[in-house]
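See below for the structure under consideration.
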Amino acid sequence: MWLVDTKTGEKTALYARGNQTWRQGLVRRRKVQQRRKGIYVTTDSGAEYMNLAYIELGRPEIKYLISGPEAKWDVERFDLSHDGTFIAYVKDEDGVSVIHVRKTADQKEVPLRNLPVGVVTSLHWHRNGHELGFSLTNARGPGDCYSYHVTTAKLERWTTSERAVKTEAFRRRSW
């Protein structure tokens, strides 16, 4: 993985992989304490599953954000709030997408309530830094958009997709 100065074309290695297998996924950056900067990445470097990690620029170490039994599922996607306060990520847990949100300052998880169950296909923070938008597909819907306010726990469904089959009687998976 390289940091490239777009003005000069100069490349700096962010993390030397050596002989390790490195499958890198998404990358997001954030300013840390006004002077230092770093990036969030998904990687399976040194692990079986894609994990969420932070690399501070200028330091060659990877800080994994998920550890222990929680690290056994792939992180499929993530997004960093515009102000860098929150990071949201989606893990594939037994074939179901589970959304997690953490505060970046202390890595404490924010409890999320009443989220629908299914497969999350996109995840983005609103510019206000507290509303998380996502699209979800499940047995009852082919793909609808939602927003979730992390401080008030308000879930709002934005779309209701047309279905060729009546799906109201389809069983919802409890999670």
Identify, please: which residue in region 62-87 is part of a loop (DSSP other than H, G, I, E, B) and of a type in the set (Gly, Ala, Ser) and is, among those, surrounded by the most Cβ atoms within 10 Å (Cβ to Cβ)?
SER81
Which one of the conditions (1) modelled with pLDDT under 95; (2) closer than 13 Å to PHE86 by Cα does GLY143 fail to meet, given that it meets all the rest?
(2)
Of the residues in region 103-146 that are touching an Asp or Glu at 6+ places or on another chain (Cβ under 6 Å) and surrounded by fewer than 18 Cβ atoms within 10 Å (Cβ to Cβ), the one that is nearest to TYR40 (Cα to Cα) is HIS124
Residues of region 147-160 being surrounded by 14 or more Cβ atoms within 10 Å (Cβ to Cβ), not in a loop (DSSP other than H, G, I, E, B) and not hydroxyl-bearing (Ser, Thr, Tyr), which ones?
HIS149, LEU155
Quickly run through region 15-44 and pick out the residues that are modelled with pLDDT of 75 or more, among the small types (Gly, Ala, Ser) and either out of contact with any strand residue (DSSP E or B) (no Cβ under 8 Å at 6 or more places or on another chain) or open to solvent by 20 Å² or more (accessible area, probe 1.4 Å) (or both).
none
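The values are calculated or read from the model by the stated rules, or taken from the named source; none is laboratory data. Predicted, not measured: the structure shown is a model, and the values here were computed from it. Glycine gets a Cβ as well: all are built from the backbone with ideal geometry, and neighbour counts include every protein chain shown. These area figures cover heavy atoms from the full protein model, side chains too; ligands, DNA and RNA do not enter into them. Shrake-Rupley method; radii C 1.70, N 1.55, O 1.52, S 1.80 Å.
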